[in-house]
Amino acid sequence: MSSGPDSRRAEPRQVVGLATRTTNIAESNPSTAKIPLLWGRFNKEGWSERLEKVGAFGPTIAVYSAYESDVSGSYQLLVGRQRRASRSVSPPLQMVAAPSGSYLVFRSAGPPPQAVIDGWRDVWAYFARDNAPARAYSFDFEIYPDSGSVEIWVAVQDQ
């Protein structure tokens, strides 16, 4: 990461998609990792296109939310797309409504999943610094604007 993250304010958003609950410890072991299975199902079952039937639009978004505590606790990951309508959804779909907030946006280029892995390494290194702002552990996003890059939006506490 050469230039560091951009400070951004995000508008409220609703994201609909498929979700799972996991931990970083579980994800570090291929035999217990749930995120690759979630992405596999999302892609294999064609959810990016199917979500348009419930009003979804824009790029694929992965939302980290319902944090138990911090980087060591459990969290929910939902993979889906943004939508405007607030109608309820039926299983297997779930919806996350994220309020507006302050974010640091990290960009990582390259093919997935390596770009995402590299991007989160940059995030963790950045927040390990003594003078780093405090993470909010509310809603974090991965936005996939195209097939060769990812934006990682990390919520920070308002100063």
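Of all residues in segment 47-77, which are within 14 Å of ARG21 (Cα to Cα) and assigned to a strand (DSSP E or B)?
Residues satisfying the conditions are ALA62, VAL63, TYR64, SER65, TYR75, GLN76, LEU77.
Regarding segment 90-110, can at least one residue be identified that is closer than 20 Å to TYR67 by Cα, assigned to a helix (DSSP H, G or I) and either modelled with pLDDT of 95 or more or touching a helix residue (DSSP H, G or I) at 6+ places or on another chain (Cβ under 8 Å) (or both)?
No, because not a single residue in segment 90-110 is closer than 20 Å to TYR67 by Cα, assigned to a helix (DSSP H, G or I) and either modelled with pLDDT of 95 or more or touching a helix residue (DSSP H, G or I) at 6+ places or on another chain (Cβ under 8 Å) (or both).
Quick test for you: out of GLU151, GLU49, GLU142, pick the one residue that is modelled with pLDDT of 95 or more and touching a Lys or Arg at 6+ places or on another chain (Cβ under 6 Å).
Step by step, each of GLU151, GLU49, GLU142 is checked, and only GLU151 is modelled with pLDDT of 95 or more and touching a Lys or Arg at 6+ places or on another chain (Cβ under 6 Å).
Being in contact with a helix residue (DSSP H, G or I) (Cβ under 7 Å, 6 or more places away or on another chain) and buried (at least 19 other Cβ atoms within 10 Å of the Cβ) is the filter; apply it to segment 68-81 and report the residue that is nearest to ASP140 (Cα to Cα).
LEU77
In segment 1-13, what count of residues is obtained for those that are among the hydrophobic types (A, V, I, L, M, F, W, C) and open to solvent by 40 Å² or more (accessible area, probe 1.4 Å)?
Kept after step one, since they are among the hydrophobic types (A, V, I, L, M, F, W, C), are these residues of segment 1-13: 1, 10.
Then drop every residue that is not open to solvent by 40 Å² or more (accessible area, probe 1.4 Å), which leaves 1.
Residues that pass the stated criteria total 1.
Taking segment 116-140 only, how many residues are surrounded by 15 or more Cβ atoms within 10 Å (Cβ to Cβ) and under 25 Å from GLU11 (Cβ atoms)?
Result for segment 116-140: 14.
The rows are residues; the columns are (1) over 26 Å from PRO5 (Cβ atoms); (2) open to solvent by less than 60 Å² (accessible area, probe 1.4 Å); (3) touching a strand residue (DSSP E or B) at 6+ places or on another chain (Cβ under 7 Å).
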site: SER31; (1), (2), (3): yes, no, no
site: ARG50; (1), (2), (3): yes, no, no
site: VAL63; (1), (2), (3): no, yes, yes
site: ALA66; (1), (2), (3): no, yes, yes
site: ARG83; (1), (2), (3): yes, yes, yes
site: SER88; (1), (2), (3): yes, no, no
site: ARG107; (1), (2), (3): no, no, yes
site: GLN114; (1), (2), (3): no, no, no
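Among the residues of segment 14-29, count how many are out of contact with any strand residue (DSSP E or B) (no Cβ under 7 Å at 6 or more places or on another chain) and either touching a residue at least 60 places away in the same chain (Cβ under 8 Å) or surrounded by fewer than 12 Cβ atoms within 10 Å (Cβ to Cβ) (or both).
The number of residues fulfilling the criteria is 3.
What single numbered condition from (1) open to solvent by less than 60 Å² (accessible area, probe 1.4 Å); (2) more than 14 Å from ARG135 (Cα to Cα) fails to hold for GLY101?
Every condition holds for GLY101 apart from (2).
If a residue must be under 23 Å from ALA19 (Cα atoms) and of a type in the set (Lys, Arg), how many such residues does segment 112-159 contain?
The total comes to 2.
Do we find that GLY148 is touching a helix residue (DSSP H, G or I) at 6+ places or on another chain (Cβ under 8 Å) and within 19 Å of LYS34 (Cβ to Cβ) in this structure?
no
The values are calculated or read from the model by the stated rules, or taken from the named source; none is laboratory data. Model, not experiment: these values are computed from the prediction. With ideal geometry, Cβ positions are generated from the backbone for all residues, glycine too; neighbour counts draw on all protein chains shown. Remember, those area values only see protein heavy atoms, side chains included, never the ligands or the DNA or RNA. Shrake-Rupley method; radii C 1.70, N 1.55, O 1.52, S 1.80 Å.
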